[in-house]
Amino acid sequence: MINYSLEFDGVIEEAKQKVKQEEISEYAKIAEEVSAKRLKSLLNKLRDNNLDPFGFGLRYRARSFDNDHEYKKWSNMYQDVEFTVNVKTTIRSTGVIE
């Protein structure tokens, strides 16, 4: 299992209607759920196509003593790896001019 954590920090710059301060945490939660779902989908798609642009295999290899043997082992393990994605979103303000 690979745990992947990501943190976002931002501002709502444009909105069709006024965003109340009390709603900001709700929007942050929605952003976290959507981002986590999309990121997990991306990671699964990359894994299914045997692609590792984030370097999970290189990190595994760097922490192993028998690099060649362990890297071959990783190649087999990567196809079955499961991802856990955690996203933390902080919305500081709306940026909307009243």
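The values are calculated or read from the model by the stated rules, or taken from the named source; none is laboratory data. Note that this is a predicted model, so its numbers are computed, not measured. Positions of Cβ are backbone-derived with ideal geometry, glycine not excepted, and every protein chain shown enters the neighbour counts.
Confirm whether Lys16 is among the charged types (D, E, K, R) and surrounded by 13 or more Cβ atoms within 10 Å (Cβ to Cβ).
Values: among the charged types (D, E, K, R): yes; surrounded by 13 or more Cβ atoms within 10 Å (Cβ to Cβ): no.
When the stated conditions are applied, Lys16 does not pass them.
Every residue in segment 21-66 that is among the acidic types (Asp, Glu) and within 16 Å of Met1 (Cα to Cα), please. Steps first, answer last, please.
Within segment 21-66, the subset among the acidic types (Asp, Glu) is 22-23, 26, 32-33, 48, 52, 66.
Correct list: Asp48, Asp52.
Is there a residue being at pLDDT 80 or above, polar (S, T, N, Q) and out of contact with any Ser or Thr (no Cβ under 7 Å at 6 or more places or on another chain) anywhere in segment 61-70?
Taking segment 61-70 first, the residues at pLDDT 80 or above are none.
Within segment 61-70 (the criterion being at pLDDT 80 or above, polar (S, T, N, Q) and out of contact with any Ser or Thr (no Cβ under 7 Å at 6 or more places or on another chain)), the answer is no, since none of the residues qualifies.
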* Which residue pairs have Cβ atoms under 6 Å apart, sit 6 or more places apart or on different chains, and have a first residue in segment 19-44 that is touching a residue at least 40 places away in the same chain (Cβ under 8 Å) and a second that is among the polar types (S, T, N, Q)? -> Val19/Thr94; Ala28/Thr89; Ala31/Thr89; Glu32/Thr89
* Asked: Taking the stated definitions as given, is Ala36 among the small types (Gly, Ala, Ser), modelled with pLDDT of 95 or more and not in a loop (DSSP other than H, G, I, E, B)?
  -> yes
* **Among (1) modelled with pLDDT under 85; (2) part of a loop (DSSP other than H, G, I, E, B); (3) surrounded by fewer than 10 Cβ atoms within 10 Å (Cβ to Cβ) - the single one Glu22 does not satisfy** => (2)
